[in-house]
Amino acid sequence: MDFSWLETAVQWVLTSPTTSSPLTFAALAALAALLIWLALAPSTSEAQKSGRLEGYLQGRDIIEDVEMERSFLRRVLIPTLRKILQLLGRVTPGRDVARVQQQLIEAGRPGGLTAADIFGLQILVALAFAGLYLLFANAGGLLAAAPWTTTLRNAAVIAVIGYLVPRLWLRSAVNRRKGDIIRNFSNALDLLSVGVDAGLGLDSAMVRVCERWDNALTEEINRAVVEIRVGTPRNTALQRMAERTGVREVQTFVGVLIQSSELGVSVAHTLHTQADQVRVRRRQRAEELANQASVKMVFALVFLIFPALLVVLLGPGIPRIFNALGTLGG
């Protein structure tokens, strides 16, 4: 708490020309009482601790009180929706549960979703898409005009599209996170090699990388560091990190690093070699994307740019061509 105002008030009272007046004496007495109260009053944290301890001694459920302080959305609606999604997800086939779970791990577990949540979300979105189509078709009078077989076919197609939307979103999240990891991997390796050359251990260098950046790769590195600190062997923590990322470059680096540590090879030399190789692969990937650009531009050229050019160049001459053809025909 800032008490600078208190110091200013004391200086003003002491330097006041009417220090001997009764008003000044009353102000000093009130100031002394205020100081005594501030010295004896418990702090906010102490008051909260005392309140919780008193509630525990009185038999109140502190966890329930804290839970009731949360908003209605986070306390009721979101858990209810999660239960509905899990209930719907149980009726789906379980042969691809492991694959969806791995995709969720590679995507960084967005929203804390599970495989059952994704399956339930697929069914829910499919039903929502089909229901919205029937609602708008009924409002527009299409249901009465079209046969019921056509309506049923369109609803089924839209439901299938809605069923695939959550999986497409999940795959997009996985690709986006992998791309983020690949973009930052070479810089992280460079900083790791510099830190090890400066005399840091591998664990300390990994901590420096986490302090330097905040991205998907540093999140996984930070989790590996935490696992190492709680007693997990380094090789096991690194292997888990590679499996969570799902990136081939990270998996190759972790495999080489584990093998070098088992064979007694210098960690600094391994980091330098891997950093050079990752940098070469990054340059090759950039060249590959540059070579693909010309192929990807064909669609835009043929269907977007060329028609516009034809309209601009041939548009003014088309009426004359038709007039000339009409004159020849006449």
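The values are calculated or read from the model by the stated rules, or taken from the named source; none is laboratory data. Because the structure is a prediction, the values reported are computed rather than measured. Neighbour counts run over all protein chains shown; Cβ positions are idealised from the backbone, glycine included.
Only a single item in (1) surrounded by 17 or more Cβ atoms within 10 Å (Cβ to Cβ); (2) modelled with pLDDT of 90 or more is not met by Arg234, and it is number (2). Only one of the numbered conditions (1) buried (at least 17 other Cβ atoms within 10 Å of the Cβ); (2) of a type outside the set (A, V, I, L, M); (3) under 30 Å from Ala116 (Cβ atoms); (4) modelled with pLDDT under 90 is violated by Ser186, and that is (3). Does Ile258 count as on the phi < 0 side of the Ramachandran plot, crowded, with 16+ Cβ neighbours inside 10 Å and either outside the structural domain of Asn215 (by TED's automatic domain parsing) or assigned to a helix (DSSP H, G or I) (or both)? So Ile258 passes the test. Exactly one residue among Leu152, Leu164, Leu192, Leu200 is over 17 Å from the mean Cα position of the chain (by Cα), of a type in the set (A, V, I, L, M) and not in a helix (DSSP H, G or I), and that residue is Leu200. In the stretch 288-305 there is at least one residue matching the filter, namely being free of Cβ contacts under 8 Å to residues at least 40 places away in the same chain, more than 30 Å from Asp190 (Cβ to Cβ) and among the polar types (S, T, N, Q).
What about Val250, is it free of Cβ contacts under 8 Å to residues at least 60 places away in the same chain, under 30 Å from Arg99 (Cβ atoms) and either part of a helix (DSSP H, G or I) or not polar (S, T, N, Q) (or both)? Answer is no for this residue.
Scan the stretch 156-169 and give yes if some residue there is at pLDDT below 80 and over 18 Å from Ala115 (Cα atoms), otherwise no. There is no residue in the stretch 156-169 that is at pLDDT below 80 and over 18 Å from Ala115 (Cα atoms). Going by the conditions given, is Ala126 within 14 Å of Ala156 (Cα to Cα), in contact with a helix residue (DSSP H, G or I) (Cβ under 6 Å, 6 or more places away or on another chain) and at pLDDT 85 or above? So Ala126 passes the test. The C-beta contact set for the stretch 157-175 (first residue of a type in the set (Ser, Thr, Tyr), second residue in a helix (DSSP H, G or I), distance under 7 angstrom, 6+ apart or interchain) comprises Tyr163/Gln122; Tyr163/Val125; Tyr163/Ala126. When Leu289, Leu238, Leu325 are checked against the criterion of being of a type in the set (A, V, I, L, M) and over 28 Å from the mean Cα position of the chain (by Cα), Leu325 stands alone in meeting it.
Looking across the stretch 189-218 at every residue that is among the acidic types (Asp, Glu) and touching a residue at least 24 places away in the same chain (Cβ under 8 Å), the one that is surrounded by the most Cβ atoms within 10 Å (Cβ to Cβ) is identified as Asp190.
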